[in-house]
Amino acid sequence: MNTGTELWLFAVSLGASALGGMLGMASGIFIVPVLTMFGHVDIRSAIGASIVSVIACSCSSAAPFLKGRLTNVRLAIVLETATTAGALSGVLLAGTIPASYLFFIFGMILLLSAQQMLAKRRDPALAPTQPLTGRSTTRRLDSSYPDRALGRDIAYRVERLPMGMMLMYGAGLISALLGIGSGVLKVPAMDTTLRLPIKVSSATSNFMICVTAAASAGAYLVRGYIVAPIAGPVALGSVVGAILGARVLMSISNDRIRLLFVVVLVALAAQMFLAAFGTDLFRGTA
Amino acid sequence: MIAAGLVLSLFHERTPFPTGAQVVTAGIGLFILLPILRVILMLTIFVKERDYKFAAAAAVVLLIIFAGFAIGILSK
């Protein structure tokens with residue numbers, strides 16, 4: 001591993017997470033495919049590197065959300081018990097699952113993100129809510145957040161927590177298995193099941209990603225999947241990229257880029273499926 | 001903290017011999033430590049507020065994270 005390779009890794013992850021950041025997405029979903037396809041990095045090392053960059057990005061963007069009182073810390077800690085448990089199962093599975101399965105699952109997740117990007121998120125808190133049900137513990141998770149656009153605090157309640165917990169377990173599992181933040185899975189779970197306002201679910205999901213990733217990263221680190229010469233530059237690049245991406249996010253219109261991203265995601269998914277079935281356009285045979 | 005991690009990684013790029021890799025590993029370890037510290041902080045806050053149900057949840061999260069480390073060591 002020479003300095004040239006490190007610079008290359010740094011540049012690639014900077015680009016990947018700048019792209020991700022432009023749409024407010026986690027960068028991991030781009031980093032793993034790019035590293036495995038163009039960097040010829042082993043998928044497990046790529047996942048190890050990616051999980052570190054997920055922590056780095058999630059941590060560096062959490063502070064402004066907390067300040068804005070958007071993060072529901074109580075809900076986060078309850079759901080984190082499920083996501084970290086999922087992450088643990090993911091780590092256990094990762095040791096036994098063949099690499100081709102990993103490629104396949106990754107392809108599925110890429111397609112899911114593409115589909116999600118096409119569909120516009122509807123604010124679930126604005127939909128009519130069902131009458132109050134649930135025990136008092138659940139009710140203590142309810143909260144409110146300040147809405148700048150409306151200039152007042154919006155109260156919301158948390159619904160169908162057990163179902164949400166199960167989805168979170170799945171999200172944690174996938175996160176650990178693929179080295180992604182799996183906001184792709186968390187956000188719809190929070191939107192449709194818990195019926196949280198969009199801003200709250202984005203902020204809370206971001207807050208949870210950090211802890212979930214730490215659970216799996218710890219295990220990967222002691223297991224030796226996190227290769228320092230790869231993970232170091234990747235983490236560094238993705239933090240810088242995420243900051244750049246967030247800046248750009250403010251100043252560009254969204255729709256055309258959204259479409260471009262769908263194309264990129266589908267292309268990456270196709271490549272991942274090819275890799276899963278043993279043919280690789282860039283390496284000849286996998 | 002994050003800046004420290006960045007500096008460590010930068011330091012590595014100038015020293016392409018084995019010790020550099022160890023410094024980067026330390027930086028990565030720091031990144032992993034950050035969220036764990038955050039959970040510990042939440043735990044102490046919940047305990048202080050006598051919010052024992054949520055303190056228990058935080059403790060469970062911590063336990064699971066440490067179990068992850070343990071599994072990693074055992075399955076090496």
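Filtering segment A:1-38 to residues that are under 17 Å from A:L185 (Cβ atoms) and either modelled with pLDDT of 65 or more or not in a loop (DSSP other than H, G, I, E, B) (or both) leaves A:G20, A:G28, A:I29, A:F30, A:V32. If you filter segment B:27-54 down to residues that are closer than 21 Å to A:A82 by Cα and of a type in the set (F, W, Y), you find that the one that is nearest to the other protein chains (Cβ to nearest Cβ) is B:F54.
Condition check ((1) of a type outside the set (V, I, T); (2) surrounded by fewer than 24 Cβ atoms within 10 Å (Cβ to Cβ); (3) within 13 Å of chain B (Cβ to nearest Cβ)) across all residues:
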{"position": "A:P188", "(1), (2), (3)": "yes, yes, no"}
{"position": "A:D191", "(1), (2), (3)": "yes, yes, no"}
{"position": "A:L196", "(1), (2), (3)": "yes, no, no"}
{"position": "A:I209", "(1), (2), (3)": "no, no, yes"}
{"position": "A:A213", "(1), (2), (3)": "yes, no, yes"}
{"position": "A:G218", "(1), (2), (3)": "yes, no, yes"}
{"position": "A:R223", "(1), (2), (3)": "yes, yes, yes"}
{"position": "A:V227", "(1), (2), (3)": "no, yes, yes"}
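Scan segment A:229-241 and give yes if some residue there is surrounded by fewer than 24 Cβ atoms within 10 Å (Cβ to Cβ) and of a type outside the set (S, T, Y), otherwise no.
The initial filter retains those residues of segment A:229-241 that are surrounded by fewer than 24 Cβ atoms within 10 Å (Cβ to Cβ), namely A:229, A:240.
From what's left, of a type outside the set (S, T, Y): A:229, A:240.
Within segment A:229-241, one or more residues are surrounded by fewer than 24 Cβ atoms within 10 Å (Cβ to Cβ) and of a type outside the set (S, T, Y).
This table checks each residue for (1) within 13 Å of the chain's Cα centre (by Cα); (2) farther than 24 Å from A:G172 by Cβ; (3) at pLDDT 75 or above.
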position: B:V7; (1), (2), (3): no, yes, no
position: B:H12; (1), (2), (3): no, yes, no
position: B:L30; (1), (2), (3): yes, no, yes
position: B:I40; (1), (2), (3): yes, no, yes
position: B:K48; (1), (2), (3): no, yes, yes
position: B:V60; (1), (2), (3): no, no, yes
position: B:F66; (1), (2), (3): yes, no, yes
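Taken over segment B:55-76, the criterion of being more than 8 Å from every other protein chain (Cβ to nearest Cβ) and touching a helix residue (DSSP H, G or I) at 6+ places or on another chain (Cβ under 7 Å) is satisfied by B:A55, B:A59, B:L62.
The values are calculated or read from the model by the stated rules, or taken from the named source; none is laboratory data. The model shown is predicted, which means the values in this text are computed figures rather than measured ones. Glycine gets a Cβ as well: all are built from the backbone with ideal geometry, and neighbour counts include every protein chain shown.
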